[in-house]
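What follows is calculated from the coordinates using simple rules that are stated; it is not laboratory data. What you see is a predicted model, and the numbers here were worked out from it, not measured in a lab. No Cβ is skipped: glycine too gets one built from the backbone with ideal geometry, and neighbour counts run over all protein chains shown.
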Amino acid sequence: MRARGVWALMLVTALGLAGCSGVGSMSSTSHDASAAAGSGGSGGASSAAPVVSVAPADGARNVRPDTPVVVTVKNGSVASAELRTADGRRVEGRVDGGGGWQATDALQPATNYTLKVTSRSSAGATRTTTSKFKTLTPRAYNRVTLQPGDDWTVGVGMPVVVSFGSPVANRAAAE
């Protein structure tokens, strides 16, 4: 089951990252959509240039893998967004109802990412923004085994057991 695998990865990452801090800032990039469209500029709200904000910020390092990847656009919307690892693996995401975008898959530790966003102004002009960031490298990994396992048939009283491959230094964080 994919959900169980993601949960195990998040738990292992949290244990390895106890005490680490991530980058939570956003990067804003403004593009002049009216210049791209060649207009003389009426100055009205419908011709305002879109402002794209990306979190984590462009160039961020040591980003925690549990950090949400979010794109917001003021004076426009996301036409498309693609988040990929350095080796080309695609990270799934979705356009939200407010014209932004958010990754729906988990990030991997020690991985370089490139986010390519195409935004569209209310006047129809499009611009592409690229942002790059890297997730942190954990100090250590701890192998985790979950029970019940995949494809087990269990009753309502079956406990969930998490077994660690090596001792847990921060028990409160693990719990």
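Taking neighbour counts of Cβ atoms within 10 Å as a proxy for exposure, in what order, fewest first, do THR153, THR135, THR145 appear? Write down the numbers at each step before the final one.
Details: THR153 6, THR135 25, THR145 11.
With the sparsest Cβ surroundings first, the list reads THR153, THR145, THR135.
Starting with the fewest neighbours, write out SER163, SER121 ranked by other beta-carbon atoms found within 10 Å of each beta-carbon. Intermediate results must be reported in sequence, preceding the final value.
Working: SER163 9, SER121 23.
Fewest to most other Cβ atoms nearby, the residues stand as SER163, SER121.
Check cross-link reach from LYS132 to the aspartates and glutamates: straight Cα distance under 16 Å, and skip same-chain residues fewer than eight apart.
The reachable aspartates and glutamates, counting only those whose Cα sits under 16 Å from LYS132, are ASP58, GLU82, ASP87.
Just to be sure I understand: if I project the alpha-carbon convex hull of region 86-135 onto a plane and average over all orientations, what area do I get in nm²?
On the way: hull surface 16.1 nm².
Computing the convex hull of the Cα atoms and averaging its projections yields 4.0 nm².
Once you order the gyration tensor axes a ≥ b ≥ c over the Cα atoms, which shape class does region 58-122 get: rounded for a/c under 1.5, otherwise prolate or oblate by comparing a/b with b/c? Write out the running numbers ahead of the final one.
Working: a/c = 2.03, a/b = 1.95, b/c = 1.04.
The shape class here is prolate.
If you filter region 86-175 for chymotrypsin sites (Phe, Trp or Tyr not before Pro), then keep DSSP loop positions with at most 13 other Cβ within 10 Å, what is left?
Values: sites: TRP101, TYR113, PHE133, TYR141, TRP152, PHE164; in loops: TYR141, TRP152.
Those satisfying the criteria are TYR141, TRP152.
Would you mind classifying region 37-166 by shape? Square roots of the alpha carbon gyration tensor eigenvalues, ordered a ≥ b ≥ c; an a/c under 1.5 is rounded, otherwise it is prolate if a/b is larger than b/c and oblate if not.
Values: a/c = 3.76, a/b = 2.25, b/c = 1.67.
Judged from the Cα gyration tensor, region 37-166 comes out prolate (a/c at least 1.5, a/b above b/c).
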